[in-house]
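So the structure is just underneath, and the comments pick up after that.
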Protein chains: 2
Amino acid sequence: MSDTKAPDASRRSERSRRAIFDAALALVSETGYAKTTIEGIAARAGVGKQTIYRWWPSKAAVLLDAFLDLAARANEALGGDADSEIPDTGDLAADLKYVLRATVDEMNDPAFDGPTRALAAEGMVDPELGARFTEALLEPQLGYYARRIEAAQAAGDVDPDVDPRIALELLVGPLHHRWSLRTLPLTHDYADTLVDLALRGLAPRA
Amino acid sequence: MSDTKAPDASRRSERSRRAIFDAALALVSETGYAKTTIEGIAARAGVGKQTIYRWWPSKAAVLLDAFLDLAARANEALGGDADSEIPDTGDLAADLKYVLRATVDEMNDPAFDGPTRALAAEGMVDPELGARFTEALLEPQLGYYARRIEAAQAAGDVDPDVDPRIALELLVGPLHHRWSLRTLPLTHDYADTLVDLALRGLAPRA
């Protein structure tokens, strides 16, 4: 989108962009990734399909941006900016519980759950799409955890010999397991228990 | 299948059953759950589709049995029975590493990975199918972990206040996260590190 347009045109563009993202997420949630088309997104968003092709080269590109926008809005709802680190209040357990509870709320929110399941299902069987979304959507989020754990290592709250990447997987792995396989409810209590157990495992050795 | 048939008929039945399972797993892996049909399985297995309908009422039922058979064969390859508990040698870390390493090997085996991804992808977006397969395939496996952890609690190796269900999720959750999202390689070293970190978290409080 151009920055040189008149304000009215920018507002119209922004409205179209939002309508396209909403339509893309709703469609993928209802019909799955494979059956979602640029034509379908355009029809539902009330724009011409040329509008979509002007801004994005492919269905995967529209959906990637729609999911990035969804994640950014979820971060903003948490009180952070669109691209925000995990808070560092000096209390690692409290900071991680705050983020894991928010993740639980997100997983329980149909506006997140529906499209994310459709995307995860496709990534499960399409390695190229999976890699693209993992790199663009998931890895930045895992980076927030890694940096918070590194700060805790510097502060002496986490064993410096532990790999931060494996440490964060102890937190997000069980959440993802419950969510993706729908085994048991995702609650704040569960988030808190995971943090407490994982931090016992990560504590500096006596 | 009837137990009253002559031995030759039983052998033919067993050969057909094996051919049907192999065809079902190969097809679901290649074309996905939605596109796999009873007709396609019959053609690939070289049997009439009435043979399949005589034994199973639906595509989901054939695939469920095919996956149960796959899991049973994986357990046998581990040296256990088709339906086997996690060994209890008295060394919890060693027993869990044995099982987690075997799980890693399974996840890295295309014969397991392909059909399991297709099934997991469908379960991700079809709650009813997901629940059916989680209950029949996944929960019995999680039960093995729960019982081994309960035995460790009785032996004083794991904090008796920890919920065995959450304890086992610290082990299988991170493995499933790497596998399903294809973030990083699944290795024996990774399995060992997970067990060591999780057991530090689960140790009885001093």
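The values are calculated or read from the model by the stated rules, or taken from the named source; none is laboratory data. Fair warning: this is a prediction, and the values are worked out from it, not measured in the lab. Every residue, glycine as well, gets a Cβ built from its backbone with ideal geometry; the counts of neighbours run over all protein chains shown. Please note that ligands, DNA and RNA were not included when accessible areas were found on the heavy atoms of the full protein model with its side chains. Shrake-Rupley method; radii C 1.70, N 1.55, O 1.52, S 1.80 Å.
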What number comes out for the charge environment of B:Leu142, summing +1 per Lys or Arg and -1 per Asp or Glu over other residues with Cβ under 9 Å away? -1
Could you derive backbone 3J(HN,Hα) for segment B:188-195 from the dihedral phi with the Karplus parameters 6.51, -1.76 and 1.60 (θ = phi - 60°), listing whole Hz in sequence and x where the residue is Gly or Pro? 5, 4, 5, 4, 4, 5, 4, 4
For the protein assembly as shown, compute Rg over Rh where Rg is the Cα radius of gyration and Rh is the Kirkwood radius from the inverse mean 1/r over Cα pairs. 1.02
Could you grab the Rg to Rh ratio for segment A:120-206? Cα atoms only, Kirkwood for Rh. 1.03
Between A:Arg165 and B:Arg132, how many nm apart are label points set 7 Å from Cα along the C-beta direction? 3.9
Translational D (Stokes-Einstein, µm²/s) of segment B:12-73 at 4 °C and 1.567 mPa s when Rh comes from the Kirkwood sum over C-alpha pairs? 115
Residue-normalised accessible area of the protein assembly as shown, given per residue in Å² at a 1.4 Å probe: 46
I need the Debye-formula profile for chain A: one equal scatterer per C-alpha, no solvent, reported as log10 I(q)/I(0) at q = 0.11, 0.14, 0.17 1/Å, two decimals. -0.60, -0.89, -1.16
Non-local residues with an amide H under 5 Å from the amide H of B:Leu186, with H modelled 1.01 Å from N and Pro and chain starts lacking one, are none
Output ³J(HN,Hα) for segment B:99-116: one whole-Hz value per residue in order, computed from phi by the Karplus curve 6.51 cos²θ - 1.76 cosθ + 1.60 with θ = phi - 60°, and x for Gly and Pro. 6, 5, 5, 5, 5, 4, 4, 5, 4, 8, 8, x, 5, 8, 4, x, x, 5
When the dipole is taken about the Cα centre of chain B, and only Lys, Arg (+1) and Asp, Glu (-1) are charged at their Cβ, what size is it in debye, to the nearest 20? 980
Given the candidates A:Thr193, A:Val158, A:Leu96, the one whose Cα lies deepest towards the positive end of the charge dipole of segment A:55-206, counting +1 at each Lys or Arg C-beta and -1 at each Asp or Glu C-beta, is A:Thr193
In Å², rounded to the nearest 100, what is the total accessible surface buried by chains B and A against each other with a 1.4 Å probe? 3500
Count the lysine pairs in segment A:1-121 that are 8 or more places apart or on different chains: how many have C-alpha atoms under 30 angstrom apart? 5
Excluding B:Ala94 itself, what net charge comes from residues whose Cβ is under 14 Å from its Cβ, given Lys and Arg +1 and Asp and Glu -1? -3
What list of ³J(HN,Hα) values in whole Hz, one per residue of segment B:178-183 in order, does the Karplus curve 6.51 cos²θ - 1.76 cosθ + 1.60 (θ = phi - 60°) give from phi, with Gly and Pro shown as x? 4, 5, 6, 9, 6, 7
Non-local amide H neighbours of A:Ala203 (under 5 Å, H modeled in plane, Pro and chain starts lacking H): which ones? A:Asp159
Just how large is the dipole of segment B:1-59 about the Cα centre, in debye to the nearest 20, putting +1 at every Lys and Arg Cβ and -1 at every Asp and Glu Cβ? 80
When the accessible area of the protein assembly as shown is computed with all protein chains present and a 1.4 Å probe, what percentage of it is carbon and sulfur? 53
Kindly identify residues of segment A:135-152 having a loss of at least 40 Å² in accessible area between the isolated chain and the assembly of all protein chains, probe radius 1.4 Å. A:Leu138
How far apart, in nm, are the 7 Å Cα→Cβ label points at B:Arg54 and B:Ala93? 5.6
In nanometres, the difference between 0.36 nm per residue of separation and the alpha-carbon distance of B:Ala61 and B:Arg73 is 2.5 nm
